[in-house]
1. All but one of (1) farther than 30 Å from PHE137 by Cβ; (2) modelled with pLDDT of 95 or more; (3) of a type outside the set (Ser, Thr, Tyr) hold for VAL269; which doesn't?
2. Scan the range 613-626 and report the pairs whose first residue is without any contact (Cβ under 8 Å) to a residue 12 or more places away in the chain and whose second residue is open to solvent by 60 Å² or more (accessible area, probe 1.4 Å), with Cβ atoms within less than 6 Å and a gap of 6+ or a chain change.
3. Please find, within the range 601-631, the residue that is modelled with the lowest pLDDT out of those that are in a loop (DSSP other than H, G, I, E, B) and open to solvent by less than 40 Å² (accessible area, probe 1.4 Å).
4. For residues that are part of a loop (DSSP other than H, G, I, E, B), closer than 30 Å to ARG271 by Cα and at pLDDT below 95, tally how many sit in the range 303-328.
5. Could you tell me which residue of the range 565-600 is surrounded by the most Cβ atoms within 10 Å (Cβ to Cβ), considering only residues that are under 19 Å from SER497 (Cβ atoms) and of a type in the set (Phe, Trp, Tyr)?
6. Just for the range 489-515: of the residues that are open to solvent by 60 Å² or more (accessible area, probe 1.4 Å) and not hydrophobic (A, V, I, L, M, F, W, C), which one is nearest to GLU451 (Cα to Cα)?
7. Name the single residue, out of those in the range 283-300 being assigned to a strand (DSSP E or B) and open to solvent by 10 Å² or more (accessible area, probe 1.4 Å), that is nearest to VAL632 (Cα to Cα).
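The values are calculated or read from the model by the stated rules, or taken from the named source; none is laboratory data. Remember, it's a predicted structure, so these values are computed and weren't measured experimentally. Don't worry about glycine lacking a Cβ; one is built from the backbone with ideal geometry, like all the others, and counts go over all protein chains shown. Note: areas computed on protein heavy atoms with side chains; ligands, DNA, RNA excluded. Shrake-Rupley method; radii C 1.70, N 1.55, O 1.52, S 1.80 Å.
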Amino acid sequence: MNPEDRIQQLTQELNQHNYNYYVLDNPIISDYEFDMKLRELQQLEKQFPQLADANSPTQRVGGQITKNFKTIPHKYRMYSLSNAYSTQELEEWIQRVEKSVGQHAQYTCELKFDGASISLKYIHGKLAEAVTRGDGFQGDEITTNVRTIRSVPMQLNGSVPDELYVRGEIMLPLIGFQQINAEREELGLEPFMNPRNTASGSLKMQDSAEVAKRPLEAFMYSVQGQNLPFETQSEMLQFCRNSGFKVPDSAKLCHNIQEILDFIQYWDVNRQNLPYEIDGVVVKVNQLYLQNELGYTAKSPRWAIAYKFRAEQSQTRLNSITYQVGRTGAVTPVANLQPVLLAGTTVKRASLHNADIIQQLDVRLGDMVLVEKGGEIIPKITGVNLDLRPENAQKTEFIQHCPECNTELVRHEGEAAHYCPNEDGCPPQIKGKIEHFVSRKAMNIDSIGTETIALLYDAGLVNQISDLYDLTHQDILPLERMAEKSVNNIIDAIQKSTQIPFHKVLYALGIRFVGETVAKKLVDAFPNIDALMQASQSDLESVDTIGNRIAESVCNWFKNPNHQQIIEKLRNYGIQFVAEKSENISGILEGQTFLFTGKLTQFTRDEAKEMVEKNGGKLISSVTKNLQNLVVGENAGSKLKKAEQLGTVKILTEHEFLDLLNL
């Protein structure tokens, strides 16, 4: 057999044996036989390097060094899940889902793995790229390290789409975690705190050979791409299994709330018998066309929710309460605690949220308090052990003046937080606004971090966001820890930010309630800064999803003379205050609004969005008096009924919509 054929044969055999062992847990050859085949393949690849493949089984052992992990944008955004902490919240979510789609839905229940999220890209069935979740929009490329994980297939089984993105979680099983810590203790090293952080840290190690030594596993639960060969979440999971991925058999198709609650109750009790950690159950609408109809909020899918198991609690002493001022002026009380171990990490501080929570808990200095991790992430105080309260404990009174600038605090009607109104003179607000302005999702001035902002502020060089564009090389170089190269990087990054598009600039301004999604909506409606500044509150409220609170906040922000000066200064520096013109195919749909509902069979929702926008039309998210056209697919529900009741909405089939475009 010639070397090329032998390499191909060994590759296929070793991939199958890896699958048998790490996915099916059913090896059919001994470890020795496997090692002999692997050694033969290594020797052949060394002898004939031109025949070696990036996805060869020999890459499982690692050996490549990665000093800098490249940042890669996600083609399909990786959203985070909204959480439910009670059966009532879960029932309310199901009611919202079924009211929105106008029909009863099926649900898949899956275990919520406590690991590190990953996106795997496959081209023609071969692993091409592995990227961490990052901020959901982009992450770090860690392909070399992920190739060492035996349960990640290098080559997919069967017929699959040409381009595929598979999402999942990288886990460290408990037994593997214990083995790693035993080895570290033998070497006199500090043990790792928990499996999740260890798994996440392992993926960013520079030496892939070290990653290969850690018994990481990958559990997959989602697939993104075009022309996918399934119509439900449960079919998607089976597709993953058939393609060679490891997918636990615990997932269940449920038809009502009781079946969902039974699944949750079973795993809340039996999770301690699992070989890995879970922190809840993920409930998803099973039918993919309903998922598409429900869509997303700015942060989460509306068709999925994570039911979180009750968090671990610990008891410790409250030593003091301090107050932090955020960039919006919101003042947050922080509990400083006697250090306590909680869910694998040492907790020294916890949020007390606001004055109402302090009053509700009646928490006092010296109290023994119950602390838990809300959603297993942010520590919070949930109660007080009154039996252990010191006799002289004084009732906690919320501060009346800003701890940073001594301005008297205000509390707006209907809001829980206290605010410092001195937004242009309060140091943490000023620095916080600048931090927000330079952040990745805003102006992306990545050479300026928190410490640099503090240096610039303390030196009197930057007191508001527009001051960044006055900075010179001579201003920055004398500052502490500043070298020629870092100064050049800062100046270059500031200059580069003048090309950031208008919707990101608007988000970067830090107007209260104007997040990324709202900024895009406003820019779509008011394509330049002057139009937006001149818009009345009623003009703003006419924009889809913009309510009274957002509109009032935007109007008030632009009325502020200091903010008007900042805008003019930024404009003079060439900041983008005009929206980029979309490359429309035509203006056939100019001035018309559209909404799509039901299961679409002639095109996808993404294609529908593109067709509307490229032909001058506008998409809106709900049936209101502003909707002119409702395009109806199969199994249309409540949106169709509401449109019929309004009587002003034109009802179109998919074919009729295509006819509008002469397609």
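1. Exception for VAL269: condition (2).
2. From the range 613-626, no pairs qualify.
3. The first filter runs over the range 601-631 and keeps only residues in a loop (DSSP other than H, G, I, E, B), leaving 601-604, 615-617, 620-628.
Filter again for open to solvent by less than 40 Å² (accessible area, probe 1.4 Å), leaving 603, 615-617, 620, 623, 627.
Numbers: PHE603: 89, ASN615: 90, GLY616: 85, GLY617: 87, ILE620: 82, VAL623: 86, LEU627: 89.
Checked the range 601-631; the qualifying residue modelled with the lowest pLDDT is ILE620.
4. Initial filter on the range 303-328 (part of a loop (DSSP other than H, G, I, E, B)): 303, 309-312, 326-328.
Now restrict to residues that are closer than 30 Å to ARG271 by Cα: 303, 309-312.
Remaining after also requiring at pLDDT below 95: 309-312.
Of the residues in that region, 4 qualify.
5. PHE577
6. If we filter the range 489-515 for residues that are open to solvent by 60 Å² or more (accessible area, probe 1.4 Å), which is where we start, we get 489, 492, 495-496, 499, 504, 512-513.
The next check asks that each one be not hydrophobic (A, V, I, L, M, F, W, C); those that pass are 489, 492, 495-496, 499, 504, 512.
Numbers: ASN489: 15, ASP492: 18, GLN495: 20, LYS496: 21, GLN499: 25, LYS504: 23, ARG512: 24 Å.
Out of the qualifying residues, it is ASN489.
7. Quick first cut of the range 283-300, residues assigned to a strand (DSSP E or B) only: 283-285, 287, 296.
Still in the list and also open to solvent by 10 Å² or more (accessible area, probe 1.4 Å): 284, 287, 296.
Details: LYS284: 23, GLN287: 17, TYR296: 19 Å.
Once the filter is applied, the top-ranked residue is GLN287.
For (1) open to solvent by 20 Å² or more (accessible area, probe 1.4 Å); (2) part of a helix (DSSP H, G or I); (3) modelled with pLDDT of 90 or more; (4) acidic (Asp, Glu), each residue gets a yes or a no:
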site	(1), (2), (3), (4)
ILE149	no, no, yes, no
ASN157	yes, no, yes, no
VAL166	no, no, yes, no
GLY176	no, yes, yes, no
ALA182	yes, yes, no, no
PRO215	yes, no, yes, no
MET236	no, yes, yes, no
